[in-house]
Amino acid sequence: MKKYVIAVILVLGLVFLGWRIYEKTSNATGSKPEQRPLPAVAIEIAPIQRATIIETGRFTGSLNPKSVFVVAPKVAGRLEKIDIHIGDTVSAGMLLAKLDDQEYMQQIGQAEAELEVAVANLSERRIMQANAQRELTRTEALRQKKIASESELDTARSTFKSQQAKLEVASAQVKQKEAELATARVRLSYTKIRVPSNNAQGQWVVGERFVDQGAMLAANTPIASVLDIGTLTAVIFVIERDYPKIHTKLDALITTDAFPGQIFSGKVAHIAPMMTETSREARVEIEIENKNGLLKPGMFVRVEIELAQHKNVTLVPTAAIIKRNGSQGLFLADIENKRARFVPVTTGIVNGAVTEIVKPPISGSVVTLGQHLLSDGALIVLPDQGTTGVPGPTSAVLSEAGNPPAAGGEKQ
């Protein structure tokens, strides 16, 4: 029994001794769990280019006529005739409608008769004034000869002055009746409603018609609206970020769903000097020549305005720009060493698929696909580059940098 216990104790002692020897050996060598290197990441790259980039603002708005006015009679009456309809083309001085003019014709007849009476009265007063003039002359001659008395001379003088005053009153009455006749004729002309002659220029069309023939109209009752569509105004609203970049005479390109694929040109004509407090936007008006009459007021339009142009700048695909730890940057591809290097960058104009790099100066190629798997200094695997050295699809995107497409988020 003692031999059995001794044997067990010896075995346990050997096991403990072996474990202690293993621990000391492991601590001496400092061995740690083996760390596997990160695998290389397959990526796509694109070359960094130097070219011209254009910042284009995209906006939406509506078309308004250059001017619009409402045709209305200046006098009351029954609408006797109206021949215009919506869409009709009109010109300066054109007759649009006619009111019943019998009452105004009667007023002209009465004014003419009163004028004739005033003219006859004026003729009578002239004769009487001439007679008083002769009587005064004769009395003055008799007084010099001591034949007429001083009182007779005073009476002749008083009579002459009285006739002179009556002649002046008669002359004024003639002018008054002439003015009344002219007023009656003007009121008669108001029964014929025409396009104002001071709006001679433009392409005028009837926008709306408000009354029908036979209607009783009061003065200033609207009959129709007339629009000038020879030149239209596109009204857009610009946010604070783009407001400083907008100025008059900037070229604008206008498109509308009514004519897909067709581009109309215009120029910035007016810019509001203030922004609305509710939307923080400023009104901008763009004039568009519409000689062919295709565009119509009220159409929804899309407007593109060139806000800035930078020449000979560094351009990279927009897809290459990422954020790491709150810093905006990109991965430069070290093709020789098969590694990627993260570089923080400051961007400028973003024009669709192309972005301007302001600083730092960079060259070579950038990673455009797979960068979310990369870290600074990571190994990379380049795709089959063929003879060009860059992937085909990425090169196709950058080939447009010299004449970049319109960009900038759509603004309203």
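The values are calculated or read from the model by the stated rules, or taken from the named source; none is laboratory data. Everything quoted here is computed from the prediction, not taken from an experiment. In this analysis, Cβ positions are derived from the backbone assuming ideal geometry, glycine residues included, and neighbour counts consider all displayed protein chains. With ligands, DNA and RNA removed, areas are computed over all heavy atoms of the protein, side chains included. Shrake-Rupley method; radii C 1.70, N 1.55, O 1.52, S 1.80 Å.
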Answer from Lys311, Lys291 - the residue that is closer than 25 Å to Val206 by Cβ and among the charged types (D, E, K, R): Lys291
Residue under evaluation Pro273, criteria (1) over 15 Å from His247 (Cα atoms); (2) assigned to a loop (DSSP other than H, G, I, E, B), criterion not met: (1)
Members of the range 79-104 that are loosely packed, with under 14 Cβ neighbours inside 10 Å and assigned to a helix (DSSP H, G or I): Gln102
Residue within the range 349-371 that is at pLDDT below 85 and closer than 30 Å to Phe237 by Cβ present: yes
When residues of the range 213-239 are limited to those that are of a type outside the set (A, V, I, L, M, F, W, C) and more than 15 Å from the chain's Cα centre (by Cα), the one nearest to Val303 (Cα to Cα): Gly230
Residues of the range 322-369 satisfying the condition of being of a type in the set (A, V, I, L, M), outside any loop (DSSP other than H, G, I, E, B) and over 32 Å from the mean Cα position of the chain (by Cα): Ile322, Leu330, Leu332, Ala333, Ala340, Val343, Val366, Val367, Leu369
Single match in Glu168, Glu124, Glu150 (criterion: at pLDDT below 90, of a type outside the set (Phe, Trp, Tyr), over 60 Å from the mean Cα position of the chain (by Cα) and farther than 30 Å from Lys81 by Cβ): Glu150
Given (1) over 29 Å from Leu217 (Cα atoms); (2) of a type in the set (A, V, I, L, M); (3) surrounded by 13 or more Cβ atoms within 10 Å (Cβ to Cβ), number of the condition Ile127 does not satisfy: (3)
Residue in the range 234-253 that is polar (S, T, N, Q) and either within 20 Å of Thr60 (Cβ to Cβ) or in a strand (DSSP E or B) (or both) present: no
Residues (touching a residue at least 40 places away in the same chain (Cβ under 8 Å) and either within 30 Å of Val284 (Cα to Cα) or buried (at least 16 other Cβ atoms within 10 Å of the Cβ) (or both)) located in the range 324-347: Leu330, Phe331, Ala333, Arg339, Ala340
Test: residue in the range 308-321 that is part of a loop (DSSP other than H, G, I, E, B) and in contact (Cβ under 8 Å) with a residue 40 or more places away in the chain: no
Residue match in the range 256-276 (condition: among the polar types (S, T, N, Q) and under 30 Å from Ser197 (Cβ atoms)): no
Positions within the range 254-305 being of a type in the set (A, V, I, L, M) and surrounded by fewer than 12 Cβ atoms within 10 Å (Cβ to Cβ), in sequence order: Ile263, Met274
Filter result for the condition that a residue is more than 49 Å from the chain's Cα centre (by Cα) and either closer than 26 Å to Val226 by Cα or open to solvent by less than 50 Å² (accessible area, probe 1.4 Å) (or both), over Phe160, Phe210: Phe160
Some residue of the range 313-323 being of a type in the set (Ser, Thr, Tyr), open to solvent by 40 Å² or more (accessible area, probe 1.4 Å) and within 30 Å of Ile48 (Cβ to Cβ): yes
Selected residue (only one of Lys175, Lys192, Lys249, Lys245 is basic (Lys, Arg), open to solvent by 50 Å² or more (accessible area, probe 1.4 Å) and at positive phi): Lys249
